[in-house]
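Here is the structure we will look at, set down as structure tokens.
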Amino acid sequence: MKKKNIFIIILDSIRADKFFGLEKTSQIPNIDKLIQSGVYFKNTIAPADGTLLGWAGIFSGQYPFRTGVKLNGFSKINKEIPTLFDLLKKNDYSFYGHLPELASKIGLFPKFENKNVFFNKYTNFEDGLGEEIVSELSSNLKSPWCYILHSYDMHFPIKISERFDQEEFGKIKYDRVMASIDFWIGKFIKCINFEDTVLIITADHGTHISEVLINNETVDLEKDEMLNSMAPKIGKIIPEKLLPLKSKLFFALEKKRKKQKEKNISDLNLKPHQLRQVMFQRGNLDKFLFDENVHVPLLIVDSKLPHDLKINQLARSIDISPTILDIIQSDFNFENIDGKSLMPEINNETVDEKFAFIDNTPLIQKKANLVIGIRTSKFKYFRDVNDPSKRVNLFNLQEDEFEENNIATTRPDIVEKMEKYISKIKYTEDLDSKIPNKKETKIIKNELKKLGYD
């Protein structure tokens, strides 16, 4: 039997509520049509709030901390961890793709057939990348093929091409970039045959959105800030020996920006979830795991799967690789990984209730106050990574969609249940016995600094 081609599109920083649902304000007709043609998982949870951990979860089917990518900061993927690419290679797949340069540093991705796979930082579809992808998809790809595409169009700092920076595409920058991404997805799917190709669209993680609409007017507390556009340039041009100085400058500016934000919002009547988003700053030392960080879209389009099927059961990014292997009927034992195939949910079979373990991505220059947690279809729980009694947050998502009412003190029974889930995962931050390769770690950190991370 002829094996299906696989086209995986990962949209950086795309939130589920901006992709589908009542909260969606973006104009994305091509994505809307694809949702009508495929299976959409409305309740998909990423394993973490950062790209490296997101990639590790998607392509290994494991929670990222098991893969070695978060080893005393950042490290390469453990070579002993089997990935989707290892298994597809055994099934004679050829690999093509377009990915940000960071992807070349972490030892996860396969050897690609096409040239110029890894594009420069902040290269968007509108910068010529879109046309390059169209050209590649239209060429004679060696079947069966797997094409991996990661879009940085929504990655900080957001830039919008002139033709989409119009109010007709949305009142906020996020929606206008969504319209641009949708335009290019429309071009990409014209290049593939859905009879022999399975399409997966998802995101590595979500993001905060600094803009809010008040009385149909846009309030953007960062529209006049130069730091967003300067951060990547500063990281690239400053010599390595001066990076500590750059870091001090970054956090000093963050402190100044926060005071200015507090002054600007004093007269605004913002809801708690809006307030936390507009006050979010990349240098915040206190980390959280609200749904805007980890609730991501997951769409699967395949000629042999149902059309216009919306699934409410919890799904996880770590389930994507097992599902792909199930669709192409690859012989693989799913019992040895965290992720599970979603085909039973697609086939409307009775399945056990899943839970998703969620994790923070650490800062590079400073030690952040990280949290870990559990997401179920009904509850969100997170707390301090080292001390279960600190920064404890519990939300009933069915009654509190925007996670504004912490019920941890009134529902100790649910907190206890969530802690049992964490114990089952056997998560640990005690990684002293695992020594990372300092040279490899330095390369990854330097690449992240160039992207404006601290």
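The values are calculated or read from the model by the stated rules, or taken from the named source; none is laboratory data. Bear in mind that the values here come from a model prediction, so they are computed numbers and not experimental data. All Cβ positions, glycine included, derive from the backbone under ideal geometry; neighbour counts span all protein chains shown.
Taken over region 76-104, residues that are among the charged types (D, E, K, R) and closer than 18 Å to ILE10 by Cα amount to 1. Being surrounded by fewer than 15 Cβ atoms within 10 Å (Cβ to Cβ), at negative phi, touching a strand residue (DSSP E or B) at 6+ places or on another chain (Cβ under 7 Å) and not charged (D, E, K, R) is not true of SER135. Mind counting the residues in region 86-107 that are more than 19 Å from the chain's Cα centre (by Cα) and of a type outside the set (Lys, Arg)? Count: 9. Of everything listed in (1) at pLDDT below 95; (2) over 22 Å from PHE74 (Cα atoms), the single unmet condition for LYS366 is (2). Within region 152-167, none of the residues are without any contact (Cβ under 8 Å) to a residue 60 or more places away in the chain, more than 25 Å from ASN293 (Cβ to Cβ), out of contact with any Leu (no Cβ under 9 Å at 6 or more places or on another chain) and aliphatic (A, V, I, L, M). The criterion of at least 1 residues that are among the aromatic types (Phe, Trp, Tyr) and modelled with pLDDT of 90 or more is met by the following strands (runs of 3 or more DSSP E) wholly inside region 116-230: 145-151. Residue pairs whose Cβ atoms lie under 8 Å apart, sitting 6 or more positions apart in sequence or on different chains, and linking a residue in region 376-390 that is under 22 Å from THR428 (Cβ atoms) to a partner that is surrounded by fewer than 16 Cβ atoms within 10 Å (Cβ to Cβ) and small (Gly, Ala, Ser), are ARG383/SER389. Pairing each residue of region 398-416 that is more than 21 Å from ARG276 (Cβ to Cβ) with any residue that is of a type in the set (Ser, Thr, Tyr) and surrounded by 13 or more Cβ atoms within 10 Å (Cβ to Cβ), provided the two are 6+ apart or on different chains, yields C-beta distances under 9 Å for ILE414/TYR381; VAL415/TYR381. Of ILE320, ILE300, all but one fail to be hydrophobic (A, V, I, L, M, F, W, C), under 20 Å from the mean Cα position of the chain (by Cα), closer than 26 Å to GLU419 by Cα and modelled with pLDDT of 95 or more; the exception is ILE320.
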